[in-house]
Amino acid sequence: MEIKQLITFKTAAENLNFTQTAKLLNFAQSSVTAQIKALESELGNPLFERLGKRLVLTEAGRKFKIYADKMIMLNNEAKSAVSGKETTGTLIIGAQESQCTYRLPPILKEFKNQHPNVKLIFKPAHSDEKAREQLLEGLLDLAFIMDISKPANALKIEPLIQEEILMVASPDHPLLAKTEISLKDLEHETLLLTETGCSYRTVFEESFQSAGVYPLNKFEFVSIEAIKQCVIAGLGIAILPKMVVEDDIKKGSIQELAWKNFKSPIFTQIAWHKDKWMTPPFQAFIELTRKIFKGIN
């Protein structure tokens, strides 16, 4: 098992296209095929299969990718240690829009100051469920998720800070006159919701079901900023993390409603696969994240 074969397998597993893999690695496609077959022969299991025109990883391939990533990272780390060069590597991080906008900038700035040769790649995680799936599939190294406490299973999940979820409306909304909002009050309101799979949306909708209340008007958005603009325009009511609307409330463009029905605490958490190889950049990013979030508390 050669490092060249492992790199070829990793590239093919991430692109799921042997032709594209050959172009990226500057190999003939026949060389890519031969390297994959040699690995499969050594491992005694197929790593890829074709479903129609699609190339997909087998179960063995998904398991092997975790170890291939570790071996490639260890190889790079060994070369860096022997050469005496600064820490290098790549971290692929998943995060939702709210985290990217309101939580991550100071972490990224400080990390790049400390580790300028480490490449950071961000991938959108529009829901907590999607982020978990991508971690399990090895498509992400780390993810920031906002969720209630759940069993971690194959993931290592570390709570960083408890988030306050607010219900907000435009400054002229009639429900602002009420001293306490009930779920029944919202039955005929237009609800502006984040995507399915968002943890606080899920908790919100479950509370309606438990109370036997079924709102008739719901709009779903990918963008939290779009939801905010619709709230400001008076198009409906939304529940959003306090960090997202805090400045808008101070400016008076959005107002908080007197709603206290959000019973399940929501936490911003950092997550990674429990079998993930803890490279120096990986460890450094986690430690810096802990430090900066500790300052927020």
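The values are calculated or read from the model by the stated rules, or taken from the named source; none is laboratory data. Quick caveat, the model's predicted, so the values are computed rather than measured. Using ideal geometry, Cβ is built from the backbone for each residue, glycine included, and neighbour counts are taken over all protein chains shown.
Determine, yes or no, whether Thr196 is closer than 30 Å to Ile292 by Cα, hydroxyl-bearing (Ser, Thr, Tyr) and assigned to a helix (DSSP H, G or I). Break it down into steps so the answer makes sense when it comes.
Numbers: closer than 30 Å to Ile292 by Cα: yes; hydroxyl-bearing (Ser, Thr, Tyr): yes; assigned to a helix (DSSP H, G or I): no.
Here the answer is no, as Thr196 does not meet what is asked.
Here are some residues: Asn117, Asn113. Which one is farther than 25 Å from Thr194 by Cα, without any contact (Cβ under 8 Å) to a residue 24 or more places away in the chain and of a type outside the set (Ser, Thr, Tyr)? It would help to see each step written out before you state the result.
Numbers: Asn117 fails: without any contact (Cβ under 8 Å) to a residue 24 or more places away in the chain.
Within the list Asn117, Asn113, the selection yields Asn113.
Which of the residues belonging to the stretch 222-254 are farther than 18 Å from Glu163 by Cα and part of a strand (DSSP E or B)?
Scanning the stretch 222-254 gives a single hit, Ile237.
Based on this model, can you work out whether Leu55 counts as outside the structural domain of Ile121 (by TED's automatic domain parsing), at pLDDT below 90 and in contact with a Leu (Cβ under 9 Å, 6 or more places away or on another chain)? Before you say what the answer is, go through the steps one by one.
On the way: outside the structural domain of Ile121 (by TED's automatic domain parsing): yes; at pLDDT below 90: yes; in contact with a Leu (Cβ under 9 Å, 6 or more places away or on another chain): yes.
Considered against the rule, which asks whether it is outside the structural domain of Ile121 (by TED's automatic domain parsing), at pLDDT below 90 and in contact with a Leu (Cβ under 9 Å, 6 or more places away or on another chain), Leu55 comes out as yes.
Report the residue count in the stretch 264-297 for those that are modelled with pLDDT under 85, surrounded by 17 or more Cβ atoms within 10 Å (Cβ to Cβ) and β-branched (Val, Ile, Thr).
Adding up the residues that qualify gives 1.
Picking from Phe208, Phe219, which residue would you name as being surrounded by fewer than 20 Cβ atoms within 10 Å (Cβ to Cβ), on the phi < 0 side of the Ramachandran plot and assigned to a strand (DSSP E or B)?
Values: Phe208 fails: assigned to a strand (DSSP E or B).
The unique qualifying residue is Phe219.
Condition test on Thr179, is it within 22 Å of the chain's Cα centre (by Cα) and assigned to a loop (DSSP other than H, G, I, E, B)? Steps first, answer last, please.
On the way: within 22 Å of the chain's Cα centre (by Cα): no; assigned to a loop (DSSP other than H, G, I, E, B): yes.
The answer is no for Thr179.
From the list Glu97, Glu2, Glu40, pick out the single residue that is surrounded by 13 or more Cβ atoms within 10 Å (Cβ to Cβ), charged (D, E, K, R) and either over 26 Å from the mean Cα position of the chain (by Cα) or modelled with pLDDT of 90 or more (or both).
On the way: Glu97 fails: either over 26 Å from the mean Cα position of the chain (by Cα) or modelled with pLDDT of 90 or more (or both); Glu2 fails: surrounded by 13 or more Cβ atoms within 10 Å (Cβ to Cβ).
Going through Glu97, Glu2, Glu40 in turn, just one is surrounded by 13 or more Cβ atoms within 10 Å (Cβ to Cβ), charged (D, E, K, R) and either over 26 Å from the mean Cα position of the chain (by Cα) or modelled with pLDDT of 90 or more (or both): Glu40.
Considering only residues that are of a type in the set (Asp, Glu), surrounded by 16 or more Cβ atoms within 10 Å (Cβ to Cβ) and part of a loop (DSSP other than H, G, I, E, B), which ones fall in the stretch 126-176?
The one that is of a type in the set (Asp, Glu), surrounded by 16 or more Cβ atoms within 10 Å (Cβ to Cβ) and part of a loop (DSSP other than H, G, I, E, B): Asp141.
When you look at Thr190, is it closer than 30 Å to Asp69 by Cα, buried (at least 16 other Cβ atoms within 10 Å of the Cβ) and among the hydroxyl-bearing types (Ser, Thr, Tyr), yes or no?
Values: closer than 30 Å to Asp69 by Cα: no; buried (at least 16 other Cβ atoms within 10 Å of the Cβ): yes; among the hydroxyl-bearing types (Ser, Thr, Tyr): yes.
In short, no.
Which pairs do you get when a residue that is over 24 Å from Gln134 (Cβ atoms), found in the stretch 33-61, comes within reach of a residue that is hydroxyl-bearing (Ser, Thr, Tyr), reach meaning Cβ atoms under 7 angstrom, with the pair 6+ apart or on two chains?
Note: pairs meeting the criteria are Gln35/Thr8.
Tell me whether the stretch 158-169 contains one or more residues that are within 23 Å of Ile66 (Cβ to Cβ), of a type outside the set (A, V, I, L, M, F, W, C) and assigned by TED's automatic domain parsing to the domain that holds Ile270.
Yes, there is a match, as at least one residue in the stretch 158-169 is within 23 Å of Ile66 (Cβ to Cβ), of a type outside the set (A, V, I, L, M, F, W, C) and assigned by TED's automatic domain parsing to the domain that holds Ile270.
Val203 versus (1) of a type outside the set (Asp, Glu); (2) closer than 21 Å to Pro241 by Cβ; (3) exposed (fewer than 14 other Cβ atoms within 10 Å of the Cβ): which is the lone unmet condition?
(3)
List the pairs whose first member sits in the stretch 66-78 and is in contact (Cβ under 8 Å) with a residue 40 or more places away in the chain, whose second member is aromatic (Phe, Trp, Tyr), and whose Cβ atoms are under 7 Å apart, counting only residues at least 6 apart or on separate chains?
Filtered contacts from the stretch 66-78: Ala68/Phe9; Asp69/Trp277; Lys70/Trp277; Met73/Trp277; Leu74/Trp277.
Between a residue in the stretch 229-245 that is among the hydroxyl-bearing types (Ser, Thr, Tyr) and any residue that is crowded, with 21+ Cβ neighbours inside 10 Å and in a helix (DSSP H, G or I), which pairs come within a Cβ distance under 8 Å, given they are 6 or more apart or on different chains?
Going by the 8 Å Cβ cut-off, there are no qualifying pairs.
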